[in-house]
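Input: a single structure, listed below in structure tokens.
The values are calculated or read from the model by the stated rules, or taken from the named source; none is laboratory data. Predicted model only: the values in this text are computed from it and were never measured. Cβ placement follows ideal geometry from the backbone for every residue including glycine, while neighbour counts extend to all protein chains displayed. With ligands, DNA and RNA removed, areas are computed over all heavy atoms of the protein, side chains included. Shrake-Rupley method; radii C 1.70, N 1.55, O 1.52, S 1.80 Å.
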Amino acid sequence: MDILFRTDEYVFSYRVAGICIQKDKVLLQKPINDTAFAFPGGQVTFGETNEQTLSREFFEEIGVKISVGDLKWVGEVFFPWGNKQCHQICLYYIVEITSDNIPWEGVFTGKEQIEGGNFNMEFHWVPLTELKNIEIYPTNVVELMDRIDNDGAQHFIYRE
């Protein structure tokens, strides 16, 4: 069971995401027919570690194995979720794809599951230099990426 709680007015979500950089490109996902990108990942399930969640999500969504590295960002994220407000804690880790069965260029599709629904997602290798030109969440990604080599985790608050 995902760590996802609801009240009359709010949704609380505990999510982890992977920052996968390869050849000066970062792997991002977006729903098909949407313009907004995000980092691949998903809801943590009760009893899972963050590493287990990321490994499961990358395998379920795009069929690859990963190794999980350092925690880089801790996000307190607030955004609309249907007719409610979502308060999400999202932890972003460096990940490295250890499988060879992935396209290392361009766009490819994968599967996403949330709240019992399945839908297709597009995965894009986006050049780091293009991040400032796309719609991406959190919107302060360019600033965060500029400091990604710093030791320790960076905290941010994002409100939509």
Identity of the residue in region 63-82, open to solvent by less than 30 Å² (accessible area, probe 1.4 Å) and touching a Phe, Trp or Tyr at 6+ places or on another chain (Cβ under 8 Å), that ends up farthest from ALA17 (Cα to Cα): VAL64
The lone exception for VAL141 - which of (1) surrounded by fewer than 12 Cβ atoms within 10 Å (Cβ to Cβ); (2) over 17 Å from LEU4 (Cα atoms) it fails: (1)
Qualifying position, being at pLDDT 95 or above, part of a helix (DSSP H, G or I) and hydrophobic (A, V, I, L, M, F, W, C), among LEU71, LEU54: LEU54
Some residue of region 2-25 being without any contact (Cβ under 8 Å) to a residue 24 or more places away in the chain and either open to solvent by less than 40 Å² (accessible area, probe 1.4 Å) or in contact with a Ser or Thr (Cβ under 9 Å, 6 or more places away or on another chain) (or both): yes
Residue match in region 37-49 (condition: within 25 Å of GLU130 (Cβ to Cβ), in contact with a helix residue (DSSP H, G or I) (Cβ under 6 Å, 6 or more places away or on another chain) and in a strand (DSSP E or B)): yes
Yes/no for GLU60 being open to solvent by 20 Å² or more (accessible area, probe 1.4 Å), farther than 20 Å from LEU128 by Cα, modelled with pLDDT of 95 or more and outside any strand (DSSP E or B): no
Region 26-42, subset open to solvent by less than 10 Å² (accessible area, probe 1.4 Å) and among the small types (Gly, Ala, Ser), residue nearest to the chain's Cα centre (by Cα): GLY41
Qualifying positions in region 43-57 - in contact (Cβ under 8 Å) with a residue 40 or more places away in the chain, over 21 Å from ILE148 (Cβ atoms) and under 14 Å from the mean Cα position of the chain (by Cα): GLN43, VAL44
Qualifying residues in region 95-118 (those that are open to solvent by 80 Å² or more (accessible area, probe 1.4 Å) and either part of a strand (DSSP E or B) or small (Gly, Ala, Ser) (or both)) - the one modelled with the highest pLDDT: GLU96
Some residue of region 69-79 being in contact with an Asp or Glu (Cβ under 9 Å, 6 or more places away or on another chain) and under 18 Å from ASN118 (Cβ atoms): no
Failed criterion for GLN85 (all others in (1) part of a strand (DSSP E or B); (2) closer than 14 Å to GLN22 by Cα; (3) among the polar types (S, T, N, Q) hold): (2)
Set ILE134, ILE157, ILE94: member being over 21 Å from SER13 (Cα atoms) and in contact (Cβ under 8 Å) with a residue 12 or more places away in the chain: ILE134
